[in-house]
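Working notes, structure below.
The values are calculated or read from the model by the stated rules, or taken from the named source; none is laboratory data. Quick caveat, the model's predicted, so the values are computed rather than measured. Note that each Cβ is placed from the backbone with ideal geometry, even for glycine, and that neighbours are counted across all protein chains shown. Keep in mind that these areas ignore ligands, DNA and RNA; they rest on the heavy atoms of the full protein, side chains included. Shrake-Rupley method; radii C 1.70, N 1.55, O 1.52, S 1.80 Å.
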Amino acid sequence: MRPFEQMIEIYWCLGEVFPHGENLTSSELGWLSLTEKEIFERMRFPKRRKEWLSGRWVSKHLLKDQLPALKDIPLSSLSIENEEDGSPVVKVNDQRLMGCLSLSHRGDKAAAAWSGEGNISVGIDAEWIEERHPAFLNDYFTDREIEWVSSGIEEERARRTTMLWSAKEAGLKALKLGLSVDSRRIEVLPAGQIQQGEWQDLDYYGDLPATGYHLKGWSQQRGNYLISLAVYFPAKPRITFTLHEINFSV
């Protein structure tokens, strides 16, 4: 490591969704905190319930796997709630846990990313590779992004479109903005070919990062999913990131 260089580790996982979304008994919800149970009970749509549960199920197991202090506490003592801006916050026995969590859910998968550092924020997004209407590109992509998608062979365009959308979602989560802003205010261009199971660097451009901060990202294909990770961090000191995939069975 170079002088004045900081090493930051980011842990992430991609797991199956929680298997139940409706008609749950109180015992099956025993792993939720009291606050989470109250939020869950207000949800009316089965799809939304299942996605919400899946994100918390995978996130809690990621946290317990990586943080020794959490290994022996029950899942119900962990509570994943939301800030006013919508970004997730983790509480342990009602005390906020330092660090940053991001989660995503799509289809039969849920993804989560975690860093214990207090001076950065992370974003993760999982998307199913599929065709999208040309109007989608005009509404959400910049001219350079549309040009990059269009330059690919026909069979490649769905993957390119999905990669850009996933990367934008991850980046806007890291910025803690979500889709509250025009997605074209950040532009994403891949530094190489997106590959199965291997992270490829992403270059972000735009006016959203504050002065003295950077937005960096990575993307990979996993089966028919595109997974993107982004991190928002101060330019100084120099920071090197290590991405660790966590696999667990529950």
Point to revise | Top-ranked residue in the range 63-87 [being surrounded by 18 or more Cβ atoms within 10 Å (Cβ to Cβ) and under 22 Å from L175 (Cβ atoms); ranked as nearest to the chain's Cα centre (by Cα)] | key: S87
Review point. Quick one: would you say M98 is open to solvent by 40 Å² or more (accessible area, probe 1.4 Å) and either among the aliphatic types (A, V, I, L, M) or closer than 17 Å to I227 by Cα (or both)?
Key: yes
Exercise for review: Taking L53 as meeting all but one of (1) touching a strand residue (DSSP E or B) at 6+ places or on another chain (Cβ under 7 Å); (2) among the hydrophobic types (A, V, I, L, M, F, W, C); (3) surrounded by 20 or more Cβ atoms within 10 Å (Cβ to Cβ), write down the number of the exception.
Suggested key: (1)
Exercise for review: Please report, ordered by residue number, the strands (runs of 3 or more DSSP E) entirely within the range 185-250 with at least 1 residues that are closer than 23 Å to R144 by Cβ.
Suggested key: 186-190, 200-206, 213-222, 225-234
Exercise for review: Considering each of L24, L32 in turn, give the residue that is out of contact with any Lys or Arg (no Cβ under 6 Å at 6 or more places or on another chain), assigned to a loop (DSSP other than H, G, I, E, B) and modelled with pLDDT of 90 or more.
Suggested key: L32
Point to revise | Residue selected from the range 102-119 under the condition under 20 Å from Q6 (Cβ atoms) and surrounded by fewer than 24 Cβ atoms within 10 Å (Cβ to Cβ), by the criterion modelled with the lowest pLDDT | key: G118
Practice item. Keeping to the range 120-158, report how many residues are in contact with a Gly (Cβ under 8 Å, 6 or more places away or on another chain) and open to solvent by 20 Å² or more (accessible area, probe 1.4 Å). Key: 1
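Suppose we keep only residues that are small (G, A, S) and farther than 17 Å from A126 by Cβ within the range 193-250. Which one would you say is most open to solvent (accessible area, probe 1.4 Å)? Talk me through it step by step, then tell me what you get.
Just the residues of the range 193-250 that are small (G, A, S), to begin with: 197, 206, 210, 212, 217, 219, 223, 228, 230, 235, 249.
From what is left, the residues that are farther than 17 Å from A126 by Cβ are 206, 210, 212, 235, 249.
Numbers: G206: 55, A210: 49, G212: 44, A235: 37, S249: 114 Å².
The qualifying residue most open to solvent (accessible area, probe 1.4 Å) is S249.
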Check your understanding: Where residues in the range 166-186 are touching a residue at least 40 places away in the same chain (Cβ under 8 Å) and hydrophobic (A, V, I, L, M, F, W, C), which of them is nearest to P209 (Cα to Cα)?
Key -> L175
**Study point:** G55 being touching a Phe, Trp or Tyr at 6+ places or on another chain (Cβ under 9 Å), assigned to a helix (DSSP H, G or I), at pLDDT 90 or above and under 29 Å from I239 (Cβ atoms)
**Key:** yes
